[in-house]
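Every read-out reported here was derived from the displayed coordinates using simple, explicitly stated rules and does not represent laboratory data. These numbers come from a predicted model, not from an experiment. Note: ideal-geometry Cβ built from the backbone for every residue, glycine included; neighbour counts use all protein chains shown.
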Amino acid sequence: MNRIAEIMPRDNYTLWLRFDDGVEGTVDLSHLAGRGVFAAWNDPAVFGKARITEAGAVEWPGEIDLCPDSLYLKVTAKTPKEAFPSITDQANA
């Protein structure tokens, strides 16, 4: 499991991330904006308040959060099996 070490919210609902293993990149979260709990992002100031939790996830005011593993998969464009081989191997045992 990789934790998020650094984040920078950017324009158009994109987020630059650096993980604790050194992997870094930008994810486009615009497909979430305005939907369900992510309607809070209709105020650009809310999206800009992204922070890292103690667990290494990203969260916004209003208890909106995203799993670091799903963000890692987006940044690396890997499948779960490629990104987390020991976990997927244990699940198949």
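Couple of notes before you dig in:
- At least 2 residues being on the phi < 0 side of the Ramachandran plot, without any contact (Cβ under 8 Å) to a residue 40 or more places away in the chain and surrounded by fewer than 12 Cβ atoms within 10 Å (Cβ to Cβ) is the threshold, and among the helices (runs of 4 or more DSSP H) wholly inside region 10-93 those reaching it are 85-91.
- Residue check, ALA5 part of a strand (DSSP E or B) and surrounded by 15 or more Cβ atoms within 10 Å (Cβ to Cβ): yes
- Looking at GLY62, GLY36, GLY56, GLY48, just one residue is farther than 18 Å from PHE19 by Cα and touching a helix residue (DSSP H, G or I) at 6+ places or on another chain (Cβ under 7 Å), and that residue is GLY62.
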